[in-house]
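Down below is the structure, laid out as structure tokens.
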Amino acid sequence: MDQMIRHSKILDFAIMSIFRRRLKNLSIVIVFTLLTAILSSILFFTHSFKMEAVGLLADAPELIVQRVSGGRHALIAEDYMEVIRGFYGVSDVIPRYWGYYFDRATDSNYTVMGINRAVSGLGLLRGRLPSQEGECALGSGVAEVKHLDIGKRLYLLDSRRRVRSYRVVGIFDTLSRLLTNDLILLTEDDIKELFDIPSGMATDIVVAVNNELEVPYIAGKIKTTLPDTRPIMRSEILQTYETLFGWRSGMMLSMFLSSLVAFSILAWDKATGLSAEERREIGILKAVGWETSDILELKFWEGLVISLTSFLTGTIIGYVHVFFLGAPLLSPVLKGWSVLFPSFDLIPYINPYQIITLFFLIVIPYIAVTIIPSWRAAIMDPDEVIRG
Amino acid sequence: MILHPGVISLLVGSIVALSMLLYASGMGVRIISRWDINSTSSEQLSLERKTCLISTIMNYALGFYILSLFLFVYTADDLHMLFVGAMCATGSFNANPVGWKVLYLKILLFFLTSIWIAINRVDQRSEEYPLVKTKYTILLFIIPFAMFDIHLQFRYFMGLRPNIIVSCCGALFNEGGGVASGLSSLPEGPMRWVFYITVTLFLLVAGLSLVFERPILRYIHGTSSVMVFFVSIVSIISFISIHFYEIPTHHCPFDLLQGDYHYVGYAIYTTLFGGVLSGIIPAIFEIIKRDSIEDTIREAQKRYTIGSIILIIIFTLISSWPILFSGFRVS
């Protein structure tokens, strides 16, 4: 108990002495906070983005087959479906019709998709899904920019620049925004006409497999039987995202490593350059009976208070920057130039792993560079110091 | 694979920690060769001041190795997504088996630095620092491990190639060859007996050494702590984990650390490591005992022995909880 009281008294003294030298400590706190804010933003942003992607892809088809012609994605003949359907272990084969539509009036891109068995699981719909020709369902983002609601009509230009109109029968809920924000759902016949897809062709093919473990084998079999196709497994997409975001955030972090070094030098400098007043203070403390280990403890508490304050403030700033402001400073770099996602609020997500990672990156170097200067201060001879 | 946030921070942290340790050991060498407590020279004074710095450095190093053990497991766990078929940290370690060595080394470093700090504490109680030379010899002994740790860590992360098909923990702990699968295939019934008998023996020996304070009992207590450590790890893989997961085929020792299982792994591993450590320390003290600090050491031994008994009891209770109270039964 006595020990505890002693520690808390020294901590108290440390906090007082930090306040007494506000200006000197403020500079280190600001730089420390800023650095933590940047690094934590990077970590939070990439992690949350990755989680979004993973969550999004959890409902994606296990296996998609595209046809590749001249290295580019091309329409796939529906005959291929019959071949694939014949493979053992394939439970269903569904053609998909989709494409992108650039709307000049609102300067935005929509994803137009034909309704089929595979998309019926989108859920969270106000109204209903289109069931007959001339009907459509919209994502909330599309409905917003085009000021549409159920019962109104949506006008689109087809590939021959003829106007086509569709009655809005359903709008996707904002909760499913990630999946449906820019989506326009039409019936299969409507989309074929809109994009002028020749009959007997589809954009790609979704293959449902009974046993998830068999997906790689079926993908391999499709590739050997139909050499001009490109089977894409969900797990491949997931791994690619994982690698990509890991790499991107690692890249950003290592760019900031140099500023970490700069910060360490600053911290070292601040810790070494004791003013005459501070030296006298330590001298007096020792003269009134403080031990070297007490001074070291005082310095330890000072460092801890400064680093925890800045670390926590920085982490909170990073959190606010990413999850409330949508990471305006980072997203252009980390998302890449081909923006894959509609605009959405990142779901706040924070775990001990990120905190420890940050702690290792920032606090440990800080401690390491301040430890020797504090010891130097602690072993000063009171007699010498006070006499100056 | 180096460009992953967790990997970068592990490597940065390890390099910082190693450089601190190297600095400390550099001074340690001078202390070993020049130390003379009866001398009044200024050199002796400066050496005495340096011991203070070294103990601070070592305290930080211990903190670092504890955190780095967790960060390493976390990172491996986070990386598993990159490997086809890997489901948790086990899969990442299998993707490049050097990972297992890093893990063992980090555990060893945790024990070594903790023991060093325990010795340092009793040493500083005495005015003559009777254990100074022993202490710094042990410090020099720790350095190669810390270097090896960085080396293996580099090798592990450099050697990871995403997308290699690896056996996931389901495959590793269930079938096929290898030590790990051998551990989990140890039949649950007998393993349970071994676990509870070992723990009971441990508690018995600890109690005896607490009462009679004989050197031989201290040594047996230390040895039995090491045994408890290995038996417990094997038991966690063999039968304790499956009761927490309530899946008879899931033997992974790392998933316990995840939020899905209420982070119960932290309680399990903290009490186990702490209990084993405080069981080993009295035996180490027995070896390095000097007349001048006998009382301090005896008192410390008593505290550690009591600590080891309490921690191992808590560990056993937590581990037995689901076995006793959940509806899950392996028959």
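The values are calculated or read from the model by the stated rules, or taken from the named source; none is laboratory data. Since the structure is predicted, the reported quantities are computational estimates derived from the model, not experimental observations. Methodologically, a virtual Cβ is constructed for each residue, glycine included, from the backbone with ideal geometry; neighbour enumeration extends over all protein chains shown. Please note that ligands, DNA and RNA were not included when accessible areas were found on the heavy atoms of the full protein model with its side chains. Shrake-Rupley method; radii C 1.70, N 1.55, O 1.52, S 1.80 Å.
Say whether the condition of being among the charged types (D, E, K, R), touching a Gly at 6+ places or on another chain (Cβ under 8 Å) and not assigned by TED's automatic domain parsing to the domain that holds B:VAL276 is met by at least one residue in segment B:46-65. Among the residues of segment B:46-65, not one is among the charged types (D, E, K, R), touching a Gly at 6+ places or on another chain (Cβ under 8 Å) and not assigned by TED's automatic domain parsing to the domain that holds B:VAL276, which makes the answer no.
Of everything in segment A:229-265 that is closer than 30 Å to A:ALA377 by Cα and surrounded by fewer than 16 Cβ atoms within 10 Å (Cβ to Cβ), the residue that is nearest to the other protein chains (Cβ to nearest Cβ) is A:LEU257. Annotation note: of B:PHE244, B:PHE229, B:PHE254, B:PHE239, the sole residue that is within 14 Å of chain A (Cβ to nearest Cβ) and modelled with pLDDT of 80 or more is B:PHE254. Listed residues A:ALA37, A:ALA60, A:ALA74; which is free of Cβ contacts under 8 Å to residues at least 40 places away in the same chain and open to solvent by less than 40 Å² (accessible area, probe 1.4 Å)? One residue alone meets the criteria, A:ALA74. Listed conditions (1) under 16 Å from the mean Cα position of the chain (by Cα); (2) more than 10 Å from chain A (Cβ to nearest Cβ); (3) open to solvent by 50 Å² or more (accessible area, probe 1.4 Å) are all met by B:PHE70, apart from (2).
Consider B:LEU112 carefully, then state whether it is in contact with a helix residue (DSSP H, G or I) (Cβ under 9 Å, 6 or more places away or on another chain) and either more than 13 Å from chain A (Cβ to nearest Cβ) or assigned to a loop (DSSP other than H, G, I, E, B) (or both). Criteria met by B:LEU112.
Within segment B:39-53, does at least one residue satisfy the condition of being within 12 Å of another protein chain (Cβ to nearest Cβ), touching a Ser or Thr at 6+ places or on another chain (Cβ under 7 Å) and either under 27 Å from B:ILE117 (Cα atoms) or surrounded by 18 or more Cβ atoms within 10 Å (Cβ to Cβ) (or both)? Scanning segment B:39-53, I find at least one residue that is within 12 Å of another protein chain (Cβ to nearest Cβ), touching a Ser or Thr at 6+ places or on another chain (Cβ under 7 Å) and either under 27 Å from B:ILE117 (Cα atoms) or surrounded by 18 or more Cβ atoms within 10 Å (Cβ to Cβ) (or both), so the answer is yes.
The residue that is farthest from the other protein chains (Cβ to nearest Cβ), counting only those in segment B:83-92 that are open to solvent by 10 Å² or more (accessible area, probe 1.4 Å) and in contact with a helix residue (DSSP H, G or I) (Cβ under 6 Å, 6 or more places away or on another chain), is B:MET87.
Considering only residues in segment A:152-182 that are out of contact with any Lys or Arg (no Cβ under 7 Å at 6 or more places or on another chain) and of a type in the set (Gly, Ala, Ser), the one that is modelled with the lowest pLDDT turns out to be A:SER176.
Considering the conditions (1) in contact (Cβ under 8 Å) with a residue 40 or more places away in the chain; (2) assigned to a helix (DSSP H, G or I); (3) out of contact with any Ser or Thr (no Cβ under 7 Å at 6 or more places or on another chain), A:ILE222 is excluded by exactly one of them, (3).
Scanning segment A:50-94 for residues that are under 22 Å from A:TYR217 (Cα atoms) and among the basic types (Lys, Arg) yields A:ARG67, A:ARG85.
Of the residues screened, A:GLU277 is one that is without any contact (Cβ under 8 Å) to a residue 60 or more places away in the chain, more than 10 Å from chain B (Cβ to nearest Cβ), open to solvent by 80 Å² or more (accessible area, probe 1.4 Å) and of a type in the set (Asp, Glu). Within segment B:73-82, being more than 9 Å from every other protein chain (Cβ to nearest Cβ) and open to solvent by less than 30 Å² (accessible area, probe 1.4 Å) holds for B:VAL73, B:ALA76. Between A:LEU213, A:LEU194, the distinction of being surrounded by 15 or more Cβ atoms within 10 Å (Cβ to Cβ) and in the same structural domain as A:GLY141 (by TED's automatic domain parsing) belongs to A:LEU194 only. Selection over segment B:186-218 of residues that are surrounded by fewer than 17 Cβ atoms within 10 Å (Cβ to Cβ) and among the aromatic types (Phe, Trp, Tyr) gives a count of 3. Take the conditions β-branched (Val, Ile, Thr) and out of contact with any Leu (no Cβ under 6 Å at 6 or more places or on another chain) and apply them to A:THR106. Does it pass? Criteria met by A:THR106.
A:GLY283 satisfies every condition listed in (1) of a type outside the set (Val, Ile, Thr); (2) open to solvent by 30 Å² or more (accessible area, probe 1.4 Å); (3) away from every other protein chain (no Cβ under 14 Å) except (2).
Flag: A:VAL31 matches the condition of being under 33 Å from the mean Cα position of the chain (by Cα), buried (at least 16 other Cβ atoms within 10 Å of the Cβ) and over 30 Å from A:LEU148 (Cα atoms). There is no residue in segment B:8-19 that is more than 27 Å from the chain's Cα centre (by Cα) and either modelled with pLDDT of 90 or more or more than 8 Å from every other protein chain (Cβ to nearest Cβ) (or both).
Of the numbered criteria (1) surrounded by 14 or more Cβ atoms within 10 Å (Cβ to Cβ); (2) over 31 Å from the mean Cα position of the chain (by Cα); (3) assigned by TED's automatic domain parsing to the domain that holds A:ASP294, the one A:PHE44 fails is (2). For segment A:360-383, a residue qualifies if it is within 8 Å of chain B (Cβ to nearest Cβ) and part of a helix (DSSP H, G or I), and the qualifying residues are A:PHE360, A:LEU361, A:ILE364, A:PRO365, A:ILE367, A:ALA368, A:ILE371, A:ILE372, A:TRP375, A:ALA378.
Condition check ((1) open to solvent by less than 20 Å² (accessible area, probe 1.4 Å); (2) closer than 28 Å to B:ILE54 by Cβ; (3) at pLDDT 85 or above) across all residues:
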{"residue": "A:GLU302", "(1), (2), (3)": "no, yes, yes"}
{"residue": "A:SER307", "(1), (2), (3)": "yes, yes, yes"}
{"residue": "A:THR313", "(1), (2), (3)": "no, no, yes"}
{"residue": "A:VAL322", "(1), (2), (3)": "yes, no, yes"}
{"residue": "A:ALA327", "(1), (2), (3)": "yes, no, no"}
{"residue": "A:PRO348", "(1), (2), (3)": "no, no, no"}
{"residue": "A:PRO352", "(1), (2), (3)": "no, no, no"}
